[in-house]
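Right, one structure below, let's go through it.
None of the figures in this text is laboratory data; all of them are computed from the coordinates on show. In this text the structure is predicted, and so the values were computed from the model without any measurement. For neighbour counting, all protein chains shown are included, and Cβ atoms are generated from backbone atoms with ideal geometry for every residue, glycine included.
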C-alpha cells in the first residue's frame, strides 16, 4: 500500500496543505474510554469550554467506566456537564462496562459495525462514532461529512455549493486515506485537531 502522504501530495486540492502542515498522522488512542468521554464533552460547545470541563471532570472522577458510574450526578454536574451530558456519560460508562468495549473489542470489526455499535448507546451520534473511528481506533479511511469543520474545508477548498452527498462522492478520490484527508480539511479554515460541532440529533 502506498504512503498516505505521498498519495495526498499528488492531489491538486490537498497537496498544498500537506506541504504547509507536514505529515499529519493518525494513531489509536491509548485510552479509548477517555477519548470517547472527551468527544461527549465536546458536543455542541467551544473548544475552550470543552477543555475546561474535561479537565474538571477528569480531576473529579476516576476515568474508567466503574469510576464514572461510582460518581453521583452532582459530582458530574459540578464538573460542568449538563443534565443531558451527565446521562450520556453514564450511558457510555455503562455500555463499556457491560459490553466490554475497548480497542481490542473492535479490532476485527469493520467501520460500519463499529458505528452501529457505538450509536446504539444513547448520547453517541454518528459524529461521535466517526471521531472514535479516527482518533480512538486509528482507522485510515473515514470521511466524517457530518462534521462542520470538514464541510467548511470542503466548501473553501472545492466548492461552497456542494451538498453533503456531493462532498462524500468527491472524497472518494482520497480513499483509502480519507481520514488523513479529513485532518487536512480541518486545517483549511483553522488549525485544530478536531471539530467540535455535534451535528447528529441525539
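If you wrap a convex hull around the alpha carbons of segment 32-136, what volume per residue comes out, as a whole number of Å³?
Each residue corresponds to 86 Å³ of Cα convex hull volume.
Taken over the Cα atoms of segment 92-161, the convex hull encloses 97 Å³ per residue. For the chain, the fraction of C-alpha pairs farther apart than 25 angstrom is 38 percent. Among 25, 53, 119, the largest mean-square fluctuation in a Gaussian network model of the chain (Cα springs under 10 Å) belongs to 25.
Sum -39500 (n - 2.57) across every DSSP H segment of at least 4 residues in the chain, then divide by the residue count to get the 222 nm mean residue ellipticity, nearest 500. Calculated mean residue ellipticity at 222 nm is -16000 deg cm²/dmol. With a Förster radius of 25 Å applied to the C-beta separation of residue 19 and residue 49, the computed FRET efficiency comes to 0.15.
If I fit a long axis through the Cα atoms of helix 32-42 and take the longest principal axis of the Cα atoms of the chain, what angle between them do I get, 0 to 90°, rounded to 10? With both axes taken from Cα atoms, the answer is about 80 degrees. With Cα atoms as the point set, segment 1-89 shows a radius of gyration and Dmax of 18.3, 53 Å. Remind me, relative contact order of segment 32-136 in percent, using alpha carbon pairs under 8 angstrom and six or more residues apart? Computed over segment 32-136, the figure is 33 percent.
The C-alpha atoms of the chain define a longest principal axis, and helix 83-99 lies at about 90 degrees to it. Convex hull of alpha carbon positions in segment 38-83: directionally averaged projected area 2.9 nm².
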